[in-house]
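S.K.: One structure coming up, written as structure tokens, with questions to follow.
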Amino acid sequence: MIYAEADMNTEPLRVDGKRLRKSLESMARIGATPGGGVSRLALSDEDREARNLFIQWLREIDLEVTVDEMGNIFGKRPGQNSELAPVMSGSHVDSQPMGGRFDGILGVMGMLEVLRTLHEHRVETRRPLVIVDWTNEEGSRFSPAMMGSGVWAGILDRQWAYSRMDLGGKKFGEELERIGFKGTSPCRKWPVHAYFELHIEQGPLLEREKRILGSPEGIVGILWADGYIQGKANQVGPTPMEGRNDALCAAAEMILRVNELPGKMGGNLVATVGEIQNYPNSRNIIPERVRFTLDIRSWDDDLIRRAWEEMKRDFQEVSGRRGCPIRLEEIWKVEHAPFAPHLVQMVRETGRQLGLEPLPMVSGAGHDASYMNQIAPTAMIFVPSIGGRSHAEAENSSWEDCEIGANVLLKCLLKTST
Ligand code: GLV
Ligand code: MN
Ligand code: MN
């Protein structure tokens, strides 16, 4: 038995890159899409299949598995002193529709590989280690994102989460039960000594700067809202162009205003309309109703607030001019999350020890680390996304970079758990 104490040498320990690749490839077969991506929407049959495989793998290395009331899956490896708060790491197995093979799953498989390595080499740590798969990180089928970690951290309400509906009218709580993952252990935070999340960058910076490792200082703030526009349906032929109340035209103008706003406001703002439903969606009916989603992000929470106010004014102007009333529902807001400086520093030093120079950056993507950061010291480890592509079938990262990321995670876990 190796004791991973300061005076014992665990420095040569490395993860098994081939085994990590095999786990990622196995997971990529669940919900595989024709273009090389995955569709593993939260609480779908594919999500269930990935969860079952994950649990099987946790049991193979003797972890104590629990599933909580939100379907979050935890695997605990005891420490020499199990009274101590554990060090935790993981991410999510759910994906976007037509998403990639690395988003989320790398963080879960990376931590699994770390635990397999410790198991294989019979390394003991002083603190327990916990691996986690957070439910519904993506927020695509059921909004908002980061739901499992948000409820666990005590920030989102569990009953509200259960009541969230997908576009087909299915409720989150019912779907959680249907896939057999409405667990019995309370979805409630416990003390965590440190939380790490390994993830692909999902942007172009690492590749552009020719770096293999990114060490984000934190995650941007995010605001999500839904807009419902009411128009008036009519026959397209006999109805003159003047005086129409075309909900889709109103939406089109609003969407362009959203797209133009970051350029006008400056700063590091991004704003996107990514989803739209048009009713009744017929070639020869003037659109009666439109629903669209809004996603605003920035490191500067106040800039998000001002942009949102500006957008509301823009929407009202378009809505009044076109005679199409709009209802806006703000559904989710999470403030920017500056990570624990000592852990960010640890990721950087660990990278340097492995011969790399990590790139300081900010995560423009949301992660469960954002909610974890509100209850425990947190940091992330980023590896490059080829071509900066993510949330797309084309998402890709090199196996070597994934292995390097997992080795950084291994070292950081050893440093914090001994
Ligand atoms: C989560 O994947 C996000 O939207 O950033
Ligand atoms: Mn992710
Ligand atoms: Mn994602």
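The values are calculated or read from the model by the stated rules, or taken from the named source; none is laboratory data. Computed from a prediction, not measured in an experiment: that's the story for all the values here. Using ideal geometry, Cβ is built from the backbone for each residue, glycine included, and neighbour counts are taken over all protein chains shown. To get the accessible areas, we keep the full protein, side chains included, count just its heavy atoms, and leave off ligands, DNA and RNA. Shrake-Rupley method; radii C 1.70, N 1.55, O 1.52, S 1.80 Å.
S.K.: Quick check: the distance between the Cα centres of the stretch 97-132 and the stretch 257-276, to the nearest angstrom?
M.R.: Using only Cα atoms, the two centres lie 36 Å from each other.
S.K.: Moving on to the next point. Only loop residues by DSSP count here, and only those with at most 13 other Cβ atoms within 10 Å; note down the chymotrypsin sites (Phe, Trp or Tyr not before Pro) in the stretch 99-151 that meet that.
M.R.: Numbers: sites: Phe102, Trp134, Phe142; in loops: Phe102, Trp134, Phe142.
Filter output for the stretch 99-151: empty list.
S.K.: State to the nearest 20 debye the size of the charge dipole of the chain about its Cα centre, where the only charges are +1 on K and R beta carbons and -1 on D and E beta carbons.
M.R.: Its charge dipole is roughly 400 debye.
S.K.: So, one more: Which percent of the Cα-Cα distances in the stretch 48-100 go past 18 Å?
M.R.: Working: 562 of 1378 pairs.
It works out to 41 percent of all Cα pairs.
S.K.: Out of Ile285, Leu356, Gly37, whose Cα points farthest toward the positive end of the dipole of the chain (charges: +1 Lys, Arg; -1 Asp, Glu; placed on Cβ)?
M.R.: Ile285
S.K.: Kindly report, to the nearest 10 Å², the accessible surface of Lys182 as traced by a 1.4 Å probe over protein heavy atoms only.
M.R.: Accessible surface of Lys182 is approximately 80 Å².
S.K.: Report the far tail of the P(r) of the stretch 171-311, meaning the percent of Cα-Cα pairs longer than 20 Å. Show your work: numbers first, answer last.
M.R.: Values: 6724 of 9870 pairs.
Result: 68 percent of Cα pairs exceed 20 Å.
S.K.: So, one more: Computing the accessible area with a 1.4 Å probe over protein heavy atoms, can you report the carbon and sulfur percentage for the chain?
M.R.: Values: 8550 of 17420 Å².
For the chain, the apolar C and S fraction of the accessible surface comes to 49 percent.
S.K.: GNM, the chain, Cα, under 10 Å: largest mean-square fluctuation among Gly168, Gly104, Gly218?
M.R.: With Cα springs under 10 Å in the chain, the top fluctuation among Gly168, Gly104, Gly218 is at Gly168.
S.K.: Cα-Cα over 29 Å: which of Lys232/Lys264; Lys18/Lys210; Lys210/Lys415?
M.R.: Beyond 29 Å between Cα atoms: Lys232/Lys264.
S.K.: Here is a follow-up. Cα-based Rg of the stretch 333-394 per 2.2 N^0.38 Å, rounded to two decimals?
M.R.: Ratio of Rg to 2.2 N^0.38 Å for the stretch 333-394: 1.25.
S.K.: How large is the accessible surface per residue of the chain, computed with a 1.4 Å probe and reported in Å² as a whole number? Intermediate values should be presented prior to the final figure.
M.R.: Details: 17420 Å² over 418 residues.
Here the residues of the chain average 42 Å² of exposed surface.
S.K.: Would you mind giving the three semi-axes, in whole Å and largest first, of the ellipsoid equivalent to the stretch 50-202 according to its Cα gyration tensor?
M.R.: Value: 27, 17, 14 Å, ordered largest first.
S.K.: Within straight cross-link reach of Lys182, meaning Cα distance under 12 Å, which aspartates and glutamates are found once same-chain residues fewer than 8 apart are removed?
M.R.: Asp68, Glu69, Glu174
S.K.: Which one of Ser397, Ile386, Leu176 is farthest out on the positive end of the charge dipole of the chain, using unit charges on Cβ (Lys, Arg +1; Asp, Glu -1) and the Cα centre as origin?
M.R.: It is Leu176, whose Cα lies furthest towards the positive end.
S.K.: Let me ask something additional. Give a quick list of GluC sites (Glu not before Pro) in the stretch 165-232 that DSSP marks as loop, anything other than H, G, I, E or B, with at most 16 other Cβ atoms within 10 Å.
M.R.: Of the GluC sites (Glu not before Pro), the ones in loops of the stretch 165-232 whose Cβ has at most 16 other Cβ atoms within 10 Å are Glu209.
S.K.: In the stretch 285-341, if the dipole is taken from +1 on Lys/Arg beta carbons and -1 on Asp/Glu beta carbons about the Cα centre, which of Ser298, Pro338, Gly320 is farthest to the positive end?
M.R.: Value: Gly320.
S.K.: Work out how far the C-alpha atoms of the chain reach from end to end along every principal axis, then list the three figures in whole Å, largest first.
M.R.: Here the spans come out as 83, 44, 38 Å, largest first.
S.K.: Considering all projection directions equally, how large on average is the shadow of the alpha-carbon convex hull of the stretch 1-118, in square nanometres?
M.R.: 8.4 nm²
S.K.: Here's something else I'd like to know. Distance between the C-alpha centers of the stretch 43-92 and the stretch 364-383? Whole Å please.
M.R.: The distance from the Cα centre of the stretch 43-92 to that of the stretch 364-383 comes to 18 Å.
S.K.: Loop-only check: which trypsin sites (Lys or Arg not before Pro) in the stretch 273-326 are DSSP coil with at most 15 other Cβ within 10 angstrom?
M.R.: Working: sites: Arg283, Arg289, Arg291, Arg297, Arg305, Arg306, Lys312, Arg313, Arg321, Arg322; in loops: Arg283.
Taking the stretch 273-326 and a limit of 15 other Cβ atoms within 10 Å, the loop trypsin sites (Lys or Arg not before Pro) found are Arg283.
S.K.: Right, next: Tell me which aspartates and glutamates have Cα within less than 14 Å of Lys22's Cα, excluding those fewer than 8 residues away on the same chain?
M.R.: Leaving aside aspartates and glutamates fewer than 8 places away in the same chain, those within reach of Lys22 are Glu113, Glu400, Glu403.
S.K.: Can you give the calculated 222 nm mean residue ellipticity of the chain, where each DSSP H run of n ≥ 4 adds -39,500 (n - 2.57) and the sum is split over every residue, rounded to the nearest 500 deg cm²/dmol?
M.R.: -11000 deg cm²/dmol
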